[in-house]
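Everything on this sheet refers to the single structure shown next.
Any read-out appearing in this document is the output of simple, stated calculations on the displayed coordinates, not a laboratory observation. No experiment lies behind these values; they were computed from the predicted model shown. Positions of Cβ are generated from backbone atoms using ideal geometry, with glycine treated the same way; all protein chains shown enter the neighbour counts.
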Amino acid sequence: MQLTTTYIMSQIFSTIYYMLLVVSYQLKDRNKILILNYIGLISTGISLLLLNAYTGLAMIIVSIIRTTVFLIDEKLNGKQNIIKTKDIIILIVLYLIMIISTLYTYSGPLSIIPLISTMIYTYSIWQKNTKVYKLLGIPHGILITIYSIYIVSITAIIFEIISTISAIIGIIKENKL
């Protein structure tokens, strides 16, 4: 790893993403979580592009689409806690796009990690329960930490550990209320 301008910029964008993620784990409002997620995804997408982490970047692009769909759905249909057939279809389509994107960008067994973590994270915000969102932040965080080690993103390693701890704190806080 060389400390090039590109690498330093990737770490700055990674830091922005993790600051937003940590804040999102402390929120109860799903719409606010989605908005922070959307902004953070753009930031982490830039970071992954700079690191040439193409499978991770493909999952970010799918995640931006996912978050856009979820935000539009909530704007059009209001906040609903009931999962409908259209919601299941959306989840299946997103999962298929993720699998196809991973096949297209596959660069070895470790490139499967972003697929699995994105599937977990997508499910966590798809199901509309903020407690489950925070709980699934833990395995998501572990997988992203492993991928961050693989792509040598120092800030992502550090902040993913912090965000995983933040998810645990969010779970504890929500269960005390």
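Helix 85-105 and the long axis of the chain differ in direction by around 10°, with both axes built from C-alpha atoms.
Cβ under 9 Å from T130's Cβ, T130 left aside: what net charge do those residues give with Lys, Arg +1 and Asp, Glu -1? Spelling it out: positives minus negatives among the neighbours equals +3. Remark: the stretch 140-155, residue by residue, has Karplus-estimated 3J(HN,Hα) of 4, x, 4, 5, 5, 4, 4, 5, 5, 5, 4, 8, 6, 10, 4, 5 Hz, where x stands for each Gly or Pro and the curve is 6.51 cos²θ - 1.76 cosθ + 1.60 at θ = phi - 60°. Of L110, L48, L136, the residue with the greatest mean-square motion in the GNM of the chain, using alpha carbon springs below 10 Å, is L110. Measure nothing but the geometry: give the 0 to 90° angle between the long axis through the Cα atoms of 5-24 and the longest principal axis through the Cα atoms of the chain, rounded to 10°. Taking Cα atoms only, the helix is inclined about 20 degrees.
Here's the picture: charge each Lys and Arg Cβ at +1 and each Asp and Glu Cβ at -1 in the stretch 5-176, and of L48, Y17, W126 the one pushed furthest to the positive end of that dipole is W126.
Taking each DSSP H run with n ≥ 4 as -39500 (n - 2.57) and averaging over every residue of the chain yields -28500 deg cm²/dmol at 222 nm. The separation of the stretch 147-177 from the stretch 91-112, counted between C-alpha centres, amounts to 23 Å.
Compute the label zone of I169 within the stretch 136-160: residues whose backbone N is under 17 Å from the point 7 Å along Cα-to-Cβ. Within reach of a label on I169: 137-138, 141, 158-160. Compactness of the stretch 114-167, taken as the C-alpha radius of gyration over 2.2 N^0.38 Å, stands at 1.10.
Both numbers refer to the Cα atoms of the stretch 5-176; Rg and Dmax are 15.2, 47 Å. Here the Gaussian network model covers the chain, with springs between Cα atoms less than 10 Å apart; of L76, L143, L36, L76 fluctuates the most.
The stretch between K86 and L49, if pulled fully straight at 0.36 nm per residue, gains 10.1 nm over its current Cα-Cα span.
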